[in-house]
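S.K.: Submitted below is the structure of interest, expressed as structure tokens.
The values are calculated or read from the model by the stated rules, or taken from the named source; none is laboratory data. All values derive from a computational prediction rather than experimental measurement. Don't worry about glycine lacking a Cβ; one is built from the backbone with ideal geometry, like all the others, and counts go over all protein chains shown.
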Amino acid sequence: MINLSPPRALSRCFSSITWFVPNDPGALYLTFDDGPVPGVTDWVLDTLAQYGAKATFFCLGRNAERYTELLERIRREGHTVGNHTYSHLRGYNVSTRDYLWDVRIANDILHSSLFRPPYARFTPAQFRALRPHFNVVLWSVLSMDYSKWISPQRCANIVLSRSRGGDVVVFHDSYKAEPNLRFALPLCLEYFSAMGYKFAPLRSGLCVPLESKSTHNSPIPEGGEEGLLPEWTFRG
């Protein structure tokens, strides 16, 4: 099974994306995609609290809209929230206009300046349109907790063996990933806590800075970016 955690050298080729946090050898950045959902996200929050760990939740707008109490709890307990689109769209399968509107609808709910594309896939045009508005975050360690071909122990071993200071680690607070997640997350928290690592949330200031709007060439004709994307709102 091929693991999809990219080598750090790849970040030099795509330097406008946040892959990891440099110059922070004492921290790991745990992230959780596809929630929030009852029974999984609340368990993740309880488990993180046991270790005093903070994390970042890249939420689907449709789930955050349905389970507002979980979204509120994530923020209340000191974690950060990122935008993972409203509908979990694969960028290559939809037009730029439809993709950006899906992101926009999600951000009416999430109010975040962090964005992670589902499947790590979007078109160059979609990426260029998003960059002035969002810190685009991918990862340096992918747990593969969602894969039915990965055992719980293998999932844990991927994170334990590949993670080092500054890495952005991906888990999923979803029903699909739940069996592997419930096994791997406590092991990883226990191991890295014993090693002296802290678990920190991603914030805009830790990410690759936003692209200047003044130098941005919108890929959208007919009225440009402002006609396509209504005003974005953030919580900072």
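S.K.: Name the residues in the stretch 106-119 that are farther than 18 Å from R90 by Cβ, outside any loop (DSSP other than H, G, I, E, B) and in contact with a Cys (Cβ under 9 Å, 6 or more places away or on another chain), would you?
M.R.: Matches in the stretch 106-119: I109, L110, L114.
S.K.: Examine the stretch 34-48 for a residue that is aliphatic (A, V, I, L, M), surrounded by 16 or more Cβ atoms within 10 Å (Cβ to Cβ), within 21 Å of R104 (Cβ to Cβ) and touching a His at 6+ places or on another chain (Cβ under 9 Å), and state whether such a residue exists.
M.R.: For the stretch 34-48, residues aliphatic (A, V, I, L, M), surrounded by 16 or more Cβ atoms within 10 Å (Cβ to Cβ), within 21 Å of R104 (Cβ to Cβ) and touching a His at 6+ places or on another chain (Cβ under 9 Å): absent.
S.K.: Can we say S112 is at pLDDT 95 or above, under 12 Å from the mean Cα position of the chain (by Cα) and not aromatic (F, W, Y)?
M.R.: Spelling it out, S112 is indeed at pLDDT 95 or above, under 12 Å from the mean Cα position of the chain (by Cα) and not aromatic (F, W, Y).
S.K.: Which of the residues belonging to the stretch 80-94 are at negative phi, at pLDDT 95 or above and either under 12 Å from the mean Cα position of the chain (by Cα) or surrounded by fewer than 21 Cβ atoms within 10 Å (Cβ to Cβ) (or both)?
M.R.: Selection gives T80, V81, G82, N83, H84, S87.
S.K.: When residues of the stretch 120-171 are filtered for being under 23 Å from I17 (Cα atoms), among the aliphatic types (A, V, I, L, M) and in a helix (DSSP H, G or I), how many remain?
M.R.: Of the residues in that region, 6 qualify.
S.K.: Looking at the stretch 5-33, which of the residues that are of a type in the set (A, V, I, L, M), more than 23 Å from S87 (Cα to Cα) and surrounded by fewer than 23 Cβ atoms within 10 Å (Cβ to Cβ) is modelled with the highest pLDDT?
M.R.: A27
Yes or no, residue by residue, for (1) under 17 Å from L70 (Cβ atoms); (2) not β-branched (V, I, T):
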site	(1), (2)
W19	no, yes
P22	no, yes
A27	no, yes
F32	yes, yes
G35	yes, yes
V40	yes, no
L48	yes, yes
G52	no, yes
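S.K.: Also: Quick check on this structure: which one of Y175, Y197 is out of contact with any strand residue (DSSP E or B) (no Cβ under 9 Å at 6 or more places or on another chain), in contact (Cβ under 8 Å) with a residue 24 or more places away in the chain and among the hydroxyl-bearing types (S, T, Y)?
M.R.: Y175
S.K.: Continuing with this model, one more query. May I ask you to verify whether T68 is without any contact (Cβ under 8 Å) to a residue 12 or more places away in the chain and farther than 20 Å from R131 by Cα?
M.R.: Against the criterion (without any contact (Cβ under 8 Å) to a residue 12 or more places away in the chain and farther than 20 Å from R131 by Cα), T68 qualifies.
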